[in-house]
Each structure stands twice: as structure tokens, then as C-alpha cells.
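Here the structure is laid out as C-alpha cells; the discussion comes afterwards.
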């Protein structure tokens, strides 16, 4: 889909907003996670549109990274994208970091996305499947589901070097990857967007909420 497009990623340590028109990147703004994605995202989108002298009403597609990522960071981008799509009428596309990292890899090889989840766990992306488990479980998953010569992408490649050759240029997702990879995906309704969190949020009920029997 050509026309004015917005891509957003706040799921990882490198938050970015990208504005595209046809085949051109018009604006790219890096977000400092230390200042809070929630405070920076909306003003950054407004600034990108202003610099490009374009209006949000011109947007034909909004692409948002669904993670795997932090609970707070991923939620910020997904919630913002849903609201903006509703307000502008733009098509809404969600894509995982694994899908974006694997897009455009040498077609003669089997791309495998490996994303660190902390505490000895990782996500593995093969084709359209996204698997979460311990490092040993991820190894078994990759060996079973990715046969042939593999090329590894993502920030956890070093831990799985025995599985294939790593692509040094594809450690983290950038907004250009998101925009390109989303072109062949079908838009969805806001209700269908489901984030992938690296770790589920930890919620402790207040004492007053604990049921006593």
C-alpha cells in the first residue's frame, strides 16, 4: 500500500516513529525510553507530521510493532495506534518483531528470529510461528521447525550460534523494516491487535482485595 504511512515501535530499547510516503522515508524520530514512551509518542508523531507538512487525516496505514517487548512499552504503541486508526480511518496493521526481522532475508535460507526474554528464556520466530521458552526449549523448537541452512536474526543470536550464521545487520527492528514487512499483511480491527509481552505483568493485589474465608 502506497501513500502516507506511519510506523511505530516502542516494544524495545530503541523506540522509533517513522513517516513514509510511497517509497520514501519522510521522517524518523528516535524515542528515549528513559523519558517514557508514553510521554514522547504522541508529540513525536505530531512533530513528524509537522516537519513533513502533512496531516494525520492523510494517513492510509498505521503499522505498530506488537513485540515481544516490555509490558509498558508495547502497550503504549498498541494503544496509541488503535486510537489513531479509529480517529483517522487509516488501515491498522500489527506485526511482531520476529516477522519484521525475518522479512527480506535471503530466500535460499531459513530465517530464524531469536529475541532475548531475560532469565534464560527467549522467543523464537520461524515462519508465522512465535515460540517462548527456556534456551534449551528454544533450541529444540528451532531444530524441529527450521530445517536446512538457517540464518539467525535478533538480539539473542549469540546464545544460539550453533544453530546457524547470524546476520549482524539484523539485531534490532527499525521502522523501515516494519513498513516494508507490513505491506503484504492484511489490516485488522483494533480489537484484533494482541501484543506479545516479553514477560507478563506482575500484579499484586492490595490487602483489601484479598478474599478471606
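What to note about this one:
- Cβ-Cβ contacts under 8 Å between residues 6 or more apart (or on different chains), taken from a first residue in region 33-49 that is assigned by TED's automatic domain parsing to the domain that holds residue 81 and closer than 15 Å to residue 78 by Cα to a second residue that is surrounded by fewer than 18 Cβ atoms within 10 Å (Cβ to Cβ) and at pLDDT below 95, are listed as 37/72; 38/72; 40/32.
- Residue within region 73-88 that is modelled with pLDDT under 95, within 23 Å of residue 167 (Cβ to Cβ) and either touching a helix residue (DSSP H, G or I) at 6+ places or on another chain (Cβ under 6 Å) or not assigned by TED's automatic domain parsing to the domain that holds residue 159 (or both) present: no
- If you filter region 161-179 down to residues that are in contact with a helix residue (DSSP H, G or I) (Cβ under 6 Å, 6 or more places away or on another chain) and at pLDDT below 90, you find that the one that is farthest from residue 18 (Cα to Cα) is 166.
- Among the residues of region 130-144, just one is in contact with a helix residue (DSSP H, G or I) (Cβ under 7 Å, 6 or more places away or on another chain) and in contact (Cβ under 8 Å) with a residue 40 or more places away in the chain, namely 130.
- Just one of the numbered conditions (1) modelled with pLDDT of 90 or more; (2) not in a helix (DSSP H, G or I) is not true of residue 211: (1).
- Residues of region 146-165 that are more than 21 Å from residue 68 (Cα to Cα) and assigned to a loop (DSSP other than H, G, I, E, B): 147, 148, 149, 164.
- Those residues of region 2-28 which are more than 19 Å from the chain's Cα centre (by Cα) and surrounded by 15 or more Cβ atoms within 10 Å (Cβ to Cβ), in sequence order: 4, 21, 26
The values are calculated or read from the model by the stated rules, or taken from the named source; none is laboratory data. Here the structure is a predicted model, which is why all the values come from computation and not from measurement. Quick reminder, even Gly has a Cβ in these numbers, built from the backbone with ideal geometry, and neighbours come from all protein chains shown.
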